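Accompanying notes for the structure given below.
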Amino acid sequence: MSWFGKHRKALILLIILAVLAGVTIASAVSGSGDGTVSETSGSLIGTVTRPFTYAGSKLSSGIKTLFGSSDLKAENEKLQKENEKLRRQVQKNALSRGELDELNSLKKALKYSDKGTTGDYVSGKITSMDGTSYVNVFTINVGSSSGVKGGDLVVCGKGLVGRVKSVGKGWSKVVTLLDSNMDISFQVNGNPSILGVLDDSNGKTLSGYTLDSSAVVSEGDTLVTSGLGTIPAGIPIGKVTRARRDSNAELLKVTVRPSADFNALREVMVLL
(Lines give C-alpha, C1' and ligand atoms only; values in the text may rest on other atoms or scores of the structure.)
Protein backbone atom coordinates (compact mmCIF):
# COMPACT_ATOMS: atom_id res chain seq x y z
CA MET A 1 0.00 0.00 0.00
CA SER A 2 1.27 3.52 -0.85
CA TRP A 3 2.17 6.13 1.73
CA PHE A 4 -0.98 8.13 0.83
CA GLY A 5 -3.22 5.12 1.39
CA LYS A 6 -1.71 4.45 4.80
CA HIS A 7 -2.11 8.06 5.94
CA ARG A 8 -5.41 8.97 4.21
CA LYS A 9 -7.39 9.57 7.41
CA ALA A 10 -4.68 11.77 8.87
CA LEU A 11 -4.49 13.86 5.66
CA ILE A 12 -8.27 14.35 5.62
CA LEU A 13 -8.17 15.51 9.25
CA LEU A 14 -5.34 17.98 8.47
CA ILE A 15 -7.32 19.40 5.52
CA ILE A 16 -10.40 19.93 7.73
CA LEU A 17 -8.30 21.66 10.39
CA ALA A 18 -6.73 23.87 7.73
CA VAL A 19 -10.14 24.93 6.41
CA LEU A 20 -11.38 25.73 9.91
CA ALA A 21 -8.22 27.72 10.61
CA GLY A 22 -8.75 29.68 7.41
CA VAL A 23 -12.33 30.49 8.36
CA THR A 24 -11.21 31.65 11.78
CA ILE A 25 -8.50 33.92 10.34
CA ALA A 26 -10.92 35.36 7.79
CA SER A 27 -13.44 36.11 10.50
CA ALA A 28 -10.79 37.84 12.62
CA VAL A 29 -9.65 40.22 9.84
CA SER A 30 -13.12 40.95 8.43
CA GLY A 31 -13.46 44.25 10.28
CA SER A 32 -10.22 45.83 8.95
CA GLY A 33 -9.91 44.66 5.29
CA ASP A 34 -11.56 45.77 2.07
CA GLY A 35 -14.53 43.49 2.53
CA THR A 36 -13.60 40.68 0.11
CA VAL A 37 -12.34 38.23 2.70
CA SER A 38 -15.10 39.26 5.09
CA GLU A 39 -17.81 38.56 2.59
CA THR A 40 -16.33 35.18 1.70
CA SER A 41 -15.83 34.08 5.29
CA GLY A 42 -19.20 35.45 6.27
CA SER A 43 -20.84 33.45 3.52
CA LEU A 44 -19.01 30.31 4.55
CA ILE A 45 -19.74 30.78 8.25
CA GLY A 46 -23.37 31.52 7.43
CA THR A 47 -23.61 28.32 5.41
CA VAL A 48 -22.12 26.27 8.24
CA THR A 49 -24.17 27.84 11.03
CA ARG A 50 -27.48 28.39 9.20
CA PRO A 51 -29.00 24.95 10.08
CA PHE A 52 -28.28 25.53 13.76
CA THR A 53 -29.69 29.07 13.68
CA TYR A 54 -32.84 27.82 11.95
CA ALA A 55 -33.32 25.03 14.49
CA GLY A 56 -32.87 27.48 17.39
CA SER A 57 -35.38 29.87 15.85
CA LYS A 58 -37.96 27.12 15.49
CA LEU A 59 -37.41 25.98 19.06
CA SER A 60 -37.81 29.53 20.36
CA SER A 61 -40.97 30.02 18.32
CA GLY A 62 -42.39 26.76 19.64
CA ILE A 63 -41.69 27.76 23.24
CA LYS A 64 -43.37 31.13 22.73
CA THR A 65 -46.40 29.45 21.20
CA LEU A 66 -46.62 26.94 24.03
CA PHE A 67 -46.44 29.43 26.89
CA GLY A 68 -47.67 32.61 25.31
CA SER A 69 -50.84 31.59 23.46
CA SER A 70 -53.99 33.26 24.74
CA ASP A 71 -56.00 30.20 23.67
CA LEU A 72 -54.03 27.77 25.84
CA LYS A 73 -56.20 28.23 28.95
CA ALA A 74 -59.45 27.81 27.00
CA GLU A 75 -58.11 24.71 25.25
CA ASN A 76 -57.03 23.24 28.58
CA GLU A 77 -60.50 23.84 30.08
CA LYS A 78 -62.09 22.19 27.04
CA LEU A 79 -59.87 19.14 27.42
CA GLN A 80 -60.71 18.92 31.13
CA LYS A 81 -64.44 18.94 30.35
CA GLU A 82 -63.99 16.26 27.71
CA ASN A 83 -61.95 14.19 30.16
CA GLU A 84 -64.69 14.52 32.79
CA LYS A 85 -67.32 13.42 30.26
CA LEU A 86 -65.26 10.37 29.32
CA ARG A 87 -64.67 9.54 32.98
CA ARG A 88 -68.40 9.57 33.67
CA GLN A 89 -68.94 7.36 30.65
CA VAL A 90 -66.43 4.89 32.08
CA GLN A 91 -68.37 4.95 35.36
CA LYS A 92 -71.59 4.12 33.50
CA ASN A 93 -69.89 1.36 31.55
CA ALA A 94 -68.82 -0.24 34.82
CA LEU A 95 -72.41 -1.40 35.26
CA SER A 96 -73.60 -4.63 33.75
CA ARG A 97 -75.75 -4.43 30.63
CA GLY A 98 -78.87 -5.43 32.58
CA GLU A 99 -78.25 -2.94 35.38
CA LEU A 100 -77.62 -0.12 32.93
CA ASP A 101 -80.84 -0.95 31.05
CA GLU A 102 -82.78 -0.83 34.30
CA LEU A 103 -81.30 2.52 35.31
CA ASN A 104 -81.84 4.08 31.89
CA SER A 105 -85.44 2.85 31.77
CA LEU A 106 -86.10 4.33 35.21
CA LYS A 107 -84.47 7.61 34.23
CA LYS A 108 -86.55 7.93 31.05
CA ALA A 109 -89.78 6.99 32.79
CA LEU A 110 -89.32 9.62 35.50
CA LYS A 111 -88.18 12.38 33.12
CA TYR A 112 -85.71 13.69 35.67
CA SER A 113 -84.72 16.67 33.52
CA ASP A 114 -88.28 18.01 33.91
CA LYS A 115 -88.21 17.65 37.66
CA GLY A 116 -85.55 20.12 38.66
CA THR A 117 -82.46 18.01 38.03
CA THR A 118 -79.83 18.43 35.33
CA GLY A 119 -80.97 15.25 33.58
CA ASP A 120 -77.52 13.73 34.11
CA TYR A 121 -76.40 11.02 36.48
CA VAL A 122 -73.36 9.10 37.60
CA SER A 123 -73.19 5.51 38.78
CA GLY A 124 -71.16 4.42 41.77
CA LYS A 125 -70.15 1.26 43.56
CA ILE A 126 -70.69 0.75 47.29
CA THR A 127 -67.26 0.58 48.92
CA SER A 128 -68.08 0.46 52.64
CA MET A 129 -70.94 0.62 55.10
CA ASP A 130 -71.59 2.22 58.46
CA GLY A 131 -72.61 -0.48 60.92
CA THR A 132 -73.42 -4.06 60.05
CA SER A 133 -75.54 -3.60 56.91
CA TYR A 134 -76.30 -1.24 54.04
CA VAL A 135 -79.75 -0.31 55.32
CA ASN A 136 -78.85 2.99 56.99
CA VAL A 137 -75.66 4.58 55.62
CA PHE A 138 -73.08 3.45 53.08
CA THR A 139 -70.20 4.97 51.10
CA ILE A 140 -69.87 5.00 47.30
CA ASN A 141 -66.80 5.63 45.15
CA VAL A 142 -67.96 8.86 43.43
CA GLY A 143 -67.97 12.36 44.86
CA SER A 144 -67.56 16.05 44.12
CA SER A 145 -65.09 15.39 41.29
CA SER A 146 -67.96 13.61 39.50
CA GLY A 147 -70.44 16.41 40.16
CA VAL A 148 -72.09 14.80 43.18
CA LYS A 149 -73.29 17.14 45.93
CA GLY A 150 -75.09 16.87 49.25
CA GLY A 151 -78.82 16.21 48.92
CA ASP A 152 -78.61 14.49 45.52
CA LEU A 153 -81.09 11.66 45.09
CA VAL A 154 -79.82 8.08 44.94
CA VAL A 155 -81.70 5.29 43.14
CA CYS A 156 -81.12 1.82 41.78
CA GLY A 157 -82.80 -0.05 38.94
CA LYS A 158 -85.66 -1.11 41.23
CA GLY A 159 -86.42 2.25 42.82
CA LEU A 160 -85.57 4.75 45.53
CA VAL A 161 -82.46 4.18 47.66
CA GLY A 162 -81.90 7.44 49.57
CA ARG A 163 -80.00 10.73 49.49
CA VAL A 164 -76.37 11.85 49.52
CA LYS A 165 -75.49 12.96 53.06
CA SER A 166 -71.90 14.14 52.70
CA VAL A 167 -69.38 14.39 49.87
CA GLY A 168 -65.62 14.19 49.39
CA LYS A 169 -63.60 14.46 46.19
CA GLY A 170 -63.85 10.77 45.33
CA TRP A 171 -66.50 9.47 47.74
CA SER A 172 -70.01 10.14 49.06
CA LYS A 173 -72.00 8.90 52.03
CA VAL A 174 -75.58 7.89 51.29
CA VAL A 175 -78.42 7.82 53.82
CA THR A 176 -81.01 5.26 52.76
CA LEU A 177 -84.78 5.58 52.95
CA LEU A 178 -84.72 3.03 55.79
CA ASP A 179 -83.14 5.68 58.00
CA SER A 180 -85.92 6.82 60.38
CA ASN A 181 -85.04 10.51 59.83
CA MET A 182 -85.97 10.45 56.14
CA ASP A 183 -89.63 11.38 55.53
CA ILE A 184 -90.99 10.49 52.08
CA SER A 185 -94.18 11.77 50.49
CA PHE A 186 -95.91 9.00 48.52
CA GLN A 187 -98.84 8.29 46.26
CA VAL A 188 -100.39 5.03 45.17
CA ASN A 189 -99.17 4.03 41.73
CA GLY A 190 -102.03 4.46 39.27
CA ASN A 191 -104.06 6.53 41.74
CA PRO A 192 -102.30 9.87 42.37
CA SER A 193 -105.25 11.14 44.43
CA ILE A 194 -104.17 8.95 47.36
CA LEU A 195 -101.32 10.74 49.12
CA GLY A 196 -99.43 9.98 52.30
CA VAL A 197 -96.16 10.15 54.22
CA LEU A 198 -93.69 7.43 55.21
CA ASP A 199 -92.01 8.66 58.39
CA ASP A 200 -90.66 5.63 60.26
CA SER A 201 -88.65 2.46 59.75
CA ASN A 202 -87.66 -0.62 61.70
CA GLY A 203 -84.60 -1.22 59.52
CA LYS A 204 -86.45 -3.64 57.24
CA THR A 205 -89.76 -2.01 56.36
CA LEU A 206 -91.19 1.50 56.17
CA SER A 207 -94.34 2.72 57.87
CA GLY A 208 -96.56 5.76 57.50
CA TYR A 209 -100.08 6.94 56.84
CA THR A 210 -102.36 8.40 54.19
CA LEU A 211 -103.45 12.03 54.40
CA ASP A 212 -107.03 11.03 53.75
CA SER A 213 -108.28 8.64 56.43
CA SER A 214 -110.97 7.36 54.06
CA ALA A 215 -108.47 6.41 51.35
CA VAL A 216 -108.46 2.81 50.19
CA VAL A 217 -105.04 1.13 50.07
CA SER A 218 -104.65 -2.61 49.69
CA GLU A 219 -101.89 -5.11 50.35
CA GLY A 220 -99.74 -5.43 47.23
CA ASP A 221 -100.27 -1.84 46.07
CA THR A 222 -97.10 -0.15 44.83
CA LEU A 223 -96.21 3.21 46.36
CA VAL A 224 -94.21 5.77 44.39
CA THR A 225 -92.88 9.22 45.25
CA SER A 226 -95.55 11.91 44.91
CA GLY A 227 -93.38 14.77 43.65
CA LEU A 228 -94.18 16.89 46.71
CA GLY A 229 -91.02 18.34 48.25
CA THR A 230 -87.67 17.88 46.55
CA ILE A 231 -88.00 14.27 45.33
CA PRO A 232 -89.25 13.82 41.73
CA ALA A 233 -92.56 12.04 41.25
CA GLY A 234 -92.92 8.45 40.12
CA ILE A 235 -89.92 6.75 41.71
CA PRO A 236 -90.92 3.32 43.08
CA ILE A 237 -90.68 3.14 46.87
CA GLY A 238 -92.06 -0.30 47.65
CA LYS A 239 -95.13 -2.51 48.05
CA VAL A 240 -97.72 -2.32 50.80
CA THR A 241 -97.54 -5.37 53.06
CA ARG A 242 -100.15 -4.15 55.53
CA ALA A 243 -102.86 -1.47 55.68
CA ARG A 244 -104.95 -0.82 58.80
CA ARG A 245 -107.10 1.95 60.15
CA ASP A 246 -106.16 3.63 63.40
CA SER A 247 -109.46 4.73 64.95
CA ASN A 248 -107.70 6.76 67.62
CA ALA A 249 -105.65 8.84 65.19
CA GLU A 250 -108.27 8.57 62.43
CA LEU A 251 -105.57 7.55 59.95
CA LEU A 252 -105.00 4.74 57.52
CA LYS A 253 -101.59 3.34 58.46
CA VAL A 254 -99.47 1.39 55.98
CA THR A 255 -96.42 -0.86 56.19
CA VAL A 256 -94.21 -1.01 53.10
CA ARG A 257 -91.45 -3.35 51.91
CA PRO A 258 -88.88 -1.31 49.92
CA SER A 259 -88.46 -2.04 46.21
CA ALA A 260 -84.68 -1.83 46.55
CA ASP A 261 -83.02 -4.96 47.92
CA PHE A 262 -80.52 -3.36 50.30
CA ASN A 263 -78.86 -6.65 51.22
CA ALA A 264 -77.96 -7.30 47.57
CA LEU A 265 -77.29 -3.66 46.64
CA ARG A 266 -73.82 -3.09 45.21
CA GLU A 267 -74.21 -0.27 42.68
CA VAL A 268 -76.41 2.84 42.63
CA MET A 269 -77.12 5.87 40.47
CA VAL A 270 -76.82 9.44 41.75
CA LEU A 271 -79.09 11.97 40.00
CA LEU A 272 -77.17 15.21 39.42
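The values are calculated or read from the model by the stated rules, or taken from the named source; none is laboratory data. Given the structure is predicted, the values throughout are model-derived calculations rather than measurements. As a convention, Cβ positions derive from the backbone with ideal geometry for all residues, glycine included, and neighbour counts pool all protein chains shown. The accessibility values were calculated without ligands, DNA or RNA, using every heavy atom of the protein model including side chains. Shrake-Rupley method; radii C 1.70, N 1.55, O 1.52, S 1.80 Å.
Rounded to the nearest 10 square angstrom, LYS158 shows an accessible area of 110 square angstrom against a 1.4 Å probe. Loop-resident GluC sites (Glu not before Pro) (DSSP state other than H, G, I, E or B) in region 169-272 with no more than 13 further Cβ atoms inside 10 Å of their Cβ: GLU219, GLU250. The charge dipole of region 146-210, taken about its Cα centre with unit charges on the Cβ of Lys, Arg, Asp and Glu (plus for the first two, minus for the last two), comes to roughly 360 debye.
For the listed residue pairs LYS165/LYS239; LYS173/LYS239; LYS73/LYS125; LYS73/LYS173; LYS125/LYS204, the alpha carbons are over 30 angstrom apart in LYS73/LYS125; LYS73/LYS173.
FRET efficiency for the pair GLU75 and THR222, taken as 1/(1 + (r/R0)^6) with r the Cβ-Cβ distance and R0 = 45 Å, rounds to 0.35. Extension gain for the segment LEU211 to SER145, taken as residue separation times 0.36 nm less the Cα-Cα distance, is 19.7 nm to one decimal.
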